[in-house]
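Working notes, beginning with the structure itself.
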Amino acid sequence: MAVEAVSAGAILFRDTRGEREYLLLKSRPGDWEFPKGGVEGEEELQQTAIREVKEEAGIEDFRLIDGFREEYDYVFEAGGETIHKTVHLFIARSFEASAELSTEHRDLQWRDYDQALNTITQDGPREIFENAHEYLDQLAAESEGPDGKYLA
């Protein structure tokens, strides 16, 4: 019987000269992923995502975007146990230009959409990333000001 585990994180983006860039972290096994981690104690999923962005990316000035949460799951072996992990991903906008590499990761990169899509190594996160990008495009189209700038 598998042990159930729950994680939460965020697809973090920033606006650089009118272009959206996404933060990817390279994990120890070599996968590129988003800031995420296990739910601690009685945390809500959003609280976990916020804490993980701060811990894994060193970013304090950001906010979650309302209305988006998707999940994927996978099974792996650790310590002789089978673990079924469900990961919940939100979208967050960073108001900081840079991020700091934590000890949990080997590298970090800000990438535009196409670069990020080609860098993400797992199918579940890649599909959610595509949905998140489309969601942000929809929000941008709905909230464009007279100068065409993304207001959210």
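The values are calculated or read from the model by the stated rules, or taken from the named source; none is laboratory data. What you see is a predicted model, and the numbers here were worked out from it, not measured in a lab. Here Cβ is always computed from backbone atoms with ideal geometry, including for glycine, and neighbour counts include all displayed protein chains.
Observations on the model:
- Segment 105-114, residues that are touching a strand residue (DSSP E or B) at 6+ places or on another chain (Cβ under 9 Å) and loosely packed, with under 14 Cβ neighbours inside 10 Å: 106, 107, 112
- Among residues of segment 72-111 being without any contact (Cβ under 8 Å) to a residue 40 or more places away in the chain and outside any loop (DSSP other than H, G, I, E, B), the one that is nearest to residue 32 (Cα to Cα) is 76.
- One residue from 69, 14, 51 being of a type in the set (Lys, Arg) and touching a helix residue (DSSP H, G or I) at 6+ places or on another chain (Cβ under 8 Å): 69
- Enumeration of residues in segment 4-51 that are β-branched (Val, Ile, Thr) and touching a Gly at 6+ places or on another chain (Cβ under 8 Å): 6, 48
- Of the residues making up segment 54-66, those that are touching a helix residue (DSSP H, G or I) at 6+ places or on another chain (Cβ under 8 Å) and either modelled with pLDDT under 95 or outside any loop (DSSP other than H, G, I, E, B) (or both) are 62, 64.
- Inside segment 33-50, residues that are in a strand (DSSP E or B) and either loosely packed, with under 15 Cβ neighbours inside 10 Å or modelled with pLDDT of 95 or more (or both) make up a count of 3.
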